[in-house]
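The values are calculated or read from the model by the stated rules, or taken from the named source; none is laboratory data. Keep in mind that this is a model prediction, so the values were computed, not measured. FYI the Cβ positions are ideal-geometry reconstructions off the backbone, even for glycines, and counts take in every protein chain you see. Accessible surface areas use protein heavy atoms only, side chains included; no ligands, DNA or RNA. Shrake-Rupley method; radii C 1.70, N 1.55, O 1.52, S 1.80 Å.
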Amino acid sequence: MSRFEILRFALRGLAANKLRSFLTTLGILIGVAAVILLVAFGEGASRSIQQNIQRLGSNTLTVSASFAGGGPGGFAGGRGRGGGGPRTQARQLTLDDARALTDRAQAPSVRSVSPVVTANGTAAVYEGTSHTVSQLVGTYPSYFEATNKVVEKGSYFVNDDVVAARKVMVVGRTVADELFGAADPVGRQVTVSGVPFTVVGVLRELGSSGMQDADDVAIVPLPAVQQSLTGFGPLGSIIVQATGADTTDAAQDEVTAILDQRHGIAPGGAADYRILNQAALQETVSSTIGVFTALLGAVAAISLLVGGIGITNIMLVTVTERTREIGIRKAIGAPRSAILGQFLTEATVLSLAGGLAGVLVALAGSRLPVAGIQPVVVPSSIALALGVSVGIGLFFGGYPANRAAKLRPIQALRHE
Amino acid sequence: MSVPVLSVRDLSKVYGEGDARVHALRGVSLTVERGDYVAIMGASGSGKSTLMNILGCLDVPSSGRYLIEGTDVGSLDERRLAVLRNRKIGFVFQSFNLIPRMSALANVELPMAYGGVGAAERRARALAALERVGLADRVRHEPNELSGGQQQRVAVARALVTAPSLLLADEPTGNLDTASTRDVLEIFDELNVSGRTIVIITHEDDVAEHAKRVVRLVDGRIVDDRRQAPAEGAPPRARTPEVPA
């Protein structure tokens, strides 16, 4: 008895009860599609977040002031700096700190250092049109490279502009659209808090990332913003770009050493600044998303399992209902392997058809973005879901099929 | 003398356990020679169906030996038993037992499919068998589109298509009207004329009259074994073949 023959019998058996076969297939379809889609959704979310992090800049460390350590009455009681004497106040980040970090000898892994002062929610006016810029950044030209900000039209400002504290400005796409509309912003004057700035460039559009519009930004030379807006106080943060992806950790160690020394922090003591390592952040987020994806996958796997139980149920019903037929087949000389083969093939065809249809549905479904996230289909999830669905068919179909095949012909024939 | 087609020795069959034990067969011994036509008769509960199921290898005896053409059935494993049922035995049931939603042709082809006969040869032999039982014009019909007599003739075609050494029929006319009964018995007569060994179970004397030998069972024992015609030659009621009605 050939395999082809067995397949023919199995298909005929399935065709005899089309609705039932269809519903069983549907159960597996939903399970497989759910596994693939949810994993794709998790992967999409993960990539989207990674992109957002990368947008912060490549190989960068963000140093910002922290009040957790060193402050008066801080909790770091064991630091013992100067015995029980009065605590030094937590130091803010200064331009001198930033300059110290550029020391090639002490910080060979550092490529560039950009001190940053940020003014939030500053009103900019152009010929009567007003727009509140959510982020006005005062910094050095190296900031553009460190944070992957590219000027699309016009030019960057340069070190001379910083030294001369020129009132020049590079604006984000949103700011340009809000203030100038269709007009070319380059060369026009924008008034910020009564101080006129000349727009020299427009940044390439980044797109919004969640809550924040990354294009609602204006970048000016550091002294210009300090003179006109924030005053010459402490820095908001220092962006340090490492020389390469593999040197970010080394750069972090070097920055830590320099700042510890400058701020007088003993080794192991709590620092009055913190360093956000973009690579480390990315790693943390990836692992978090990984857990999230695994959770989604587990939920989907349950629906796949339920589909499998559906197959078992249907095969049990089918076998019970067709016990008499099995008896007839055995009476005219069907070997056990043929009976077993027929029912196993029926179960496998059901689960395979459901699985393949599920893959198609998932592939179609993954084209649609959900909540702004474009799902990314993971090939291994397709293989896994298909494999599991066929496995389920063989495993759960095997039990009823084996039971049917083992019957003595007369037992099966007497079954009503 | 050649090996008998069928030979049973001291066959017994017990159903149930303890107080509920029922002795369906109490030591039956029977030998059927090639070309014979045996009717097994008995009231219901006499054990004739049990005997038939054992002869057809559908059931196993509690004790005793059963040889088909010299092969001890009790020593065969499941796989070889299936081959034996397929090649050596054709079984005709009282309730036809065709597989629903399969055409007459597919039903007749089925034993050959399990026997590993090629598709083309299978089709030719199935068509020949259906023609032999006078259903050449009904090959595409499914069982529920056929009358009882036609269904039983399909079942007979299915039983003889593998050219088995032994044709077993368990009350083949029990569910048929007089005309269909006559048709089916005529087919059996013809088959026996052409040398097929037939064992038939019945409780109707009319049917038993077609056989060359009548065995009577009472309470699981053979009480009477009467020969009506010699094992060689035509069965007593066989007629010269006519144009099928």
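With a 1.4 Å probe and all protein chains in place, put A:Leu386, B:Leu6 in order of accessible area, largest first.
On the way: A:Leu386 40, B:Leu6 0 Å².
Descending accessible area places them as A:Leu386, B:Leu6.
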Practice item. Quickly work out the A:Leu11-to-B:His203 label distance, labels modelled 7 Å from Cα along the C-beta direction, and quote it in nm with one decimal. Key: 4.6 nm
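Give the ranking of B:Tyr114, A:Tyr140 by solvent-accessible surface, highest area first, calculated with a 1.4 Å probe.
On the way: B:Tyr114 15, A:Tyr140 55 Å².
Ranked from most to least accessible, the order is A:Tyr140, B:Tyr114.
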Study note, to complete from the structure: Farthest towards the positive end of the dipole of the protein assembly as shown, among B:Leu185, A:Leu304, A:Ser21 and with Cβ unit charges of +1 on Lys and Arg and -1 on Asp and Glu, lies the Cα of B:Leu185
**Study point:** Simple label model, 7 Å out from Cα along Cβ direction - B:Glu17 to A:Thr129, nm
**Key:** 9.4 nm
Review point. Please state the relative contact order of the stretch B:52-158 as a whole percent: Cα pairs under 8 Å, 6+ residues apart?
Key: 28 percent
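Do any GluC sites (Glu not before Pro) in the stretch B:159-245 lie in a DSSP loop with no more than 10 other beta carbon atoms within 10 Å, and if so, which? Before the final figure, lay out each step's value.
Values: sites: B:Glu186, B:Glu190, B:Glu204, B:Glu209, B:Glu232, B:Glu242; in loops: B:Glu204, B:Glu209, B:Glu232, B:Glu242.
In loop regions of the stretch B:159-245 (DSSP not H, G, I, E or B), the sparsely surrounded GluC sites (Glu not before Pro) are B:Glu242.
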Check your understanding: Can you give the charge dipole size of the stretch A:60-278 about its Cα centre, rounded to the nearest 20 debye, using +1 on the beta carbon of Lys and Arg and -1 on the beta carbon of Asp and Glu?
Key -> 640 debye
Review point. From the residues A:Pro409, B:Ala24, B:Pro100, which one has its Cα farthest along the dipole of the protein assembly as shown in the positive direction, the dipole being from +1 and -1 charges on Cβ of Lys/Arg and Asp/Glu about the Cα centre?
Key: B:Ala24
Practice item. Using a 1.4 Å probe and counting only protein heavy atoms, arrange A:Leu281, A:Leu222, A:Leu23 so the residue with the most accessible area comes first. Key: A:Leu23, A:Leu281, A:Leu222
**Study point:** Once the Cα gyration tensor of the stretch B:70-185 is diagonalised, semi-axes √(5λ) in Å
**Key:** 24, 18, 11
Revision key, fill the gap. Expressed as a whole-number percentage, the relative contact order of chain A with C-alpha contacts under 8 angstrom and at least six residues apart is 30 percent
Point to revise | Within the stretch B:99-119, backbone nitrogen closer than 20 Å to the virtual label 7 Å beyond the Cα of A:Arg3 toward Cβ | key: B:113-119
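Efficiency by 1/(1 + (r/R0)^6): what FRET value for B:Asp10 and B:Ser147, r their Cβ-Cβ distance, R0 = 41 Å, to the nearest 0.05?
Values: r = 42 Å, r/R0 = 1.03.
Efficiency, rounded to the nearest 0.05: 0.45.
Full extension from A:Gln92 to A:Ala383: what is 0.36 nm times the residue separation minus their Cα-Cα distance, to one decimal in nm?
Details: separation 291, 0.36 × 291 = 104.76 nm, distance 5.43 nm.
In short, 99.3 nm is gained.
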Check your understanding: Zone of A:Ala280 (label point 7 Å along Cα→Cβ, backbone N under 13 Å): which residues in the stretch A:244-266?
Key -> A:248-257
Exercise for review: Would you list which lysines come within 29 Å of A:Lys330, measuring only between C-alpha atoms, while excluding same-chain residues fewer than 8 positions from it?
Suggested key: A:Lys18, A:Lys406, B:Lys13, B:Lys48, B:Lys88
Point to revise | Heavy atoms of B:Leu55: accessible area, 1.4 Å probe, square angstrom to 10 | key: 0 Å²
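Please go through the stretch B:170-239 and write out the trypsin sites (Lys or Arg not before Pro) that DSSP classes as loop and that have at most 11 other C-beta atoms within 10 Å. Intermediate results must be reported in sequence, preceding the final value.
On the way: sites: B:Arg182, B:Arg196, B:Lys212, B:Arg213, B:Arg216, B:Arg221, B:Arg226, B:Arg227, B:Arg237, B:Arg239; in loops: B:Arg196, B:Lys212, B:Arg237, B:Arg239.
For trypsin sites (Lys or Arg not before Pro) across the stretch B:170-239 that sit outside H, G, I, E and B with at most 11 neighbouring Cβ atoms in 10 Å, the list reads B:Arg239.
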**Study point:** Where labels lie 7 Å past Cα in the beta-carbon direction, separation of A:Phe395 and B:Ala231 in nm
**Key:** 5.8 nm
Review point. Could you state the number of Å between the C-alpha centres of the stretch A:294-355 and the stretch A:162-179?
Key: 69 Å
Exercise for review: Distance between Cα centroids, the stretch B:28-82 to the stretch B:154-219: provide it in whole Å.
Suggested key: 16 Å
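Answer rounded, prolate or oblate for the stretch B:6-227, using the Cα gyration tensor with square roots of eigenvalues a ≥ b ≥ c: rounded when a/c is under 1.5, else prolate when a/b is larger than b/c, else oblate. Working shown, then result.
On the way: a/c = 1.78, a/b = 1.44, b/c = 1.24.
Here the stretch B:6-227 falls in the prolate category.
In percent, how large is the relative contact order of chain B, given Cα pairs closer than 8 Å and 6 or more residues apart? Walk me through the numbers before you get to the answer.
Numbers: 494 pairs, mean separation 66.2, N = 245.
The value is 27 percent.
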Study note, to complete from the structure: So the angle from the long Cα axis of helix A:278-321 to the longest Cα principal axis of chain A, reported in degrees to the nearest 10, equals 10 degrees
Revision key, fill the gap. Low-density loop trypsin sites (Lys or Arg not before Pro), the stretch B:14-73, at most 11 other Cβ within 10 Å, DSSP non-H/G/I/E/B, are B:Arg21
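In the calculated pair distance distribution of the stretch A:272-355, what percentage of Cα-Cα distances lie above 20 Å? Don't skip to the end; give the middle numbers.
On the way: 2084 of 3486 pairs.
Above the 20 Å cut-off, the stretch A:272-355 has 60 percent of its Cα pairs.
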Check your understanding: List the lysines whose alpha-carbon lies under 22 Å from that of A:Lys167, not counting same-chain residues fewer than 8 positions away?
Key -> A:Lys149, A:Lys153
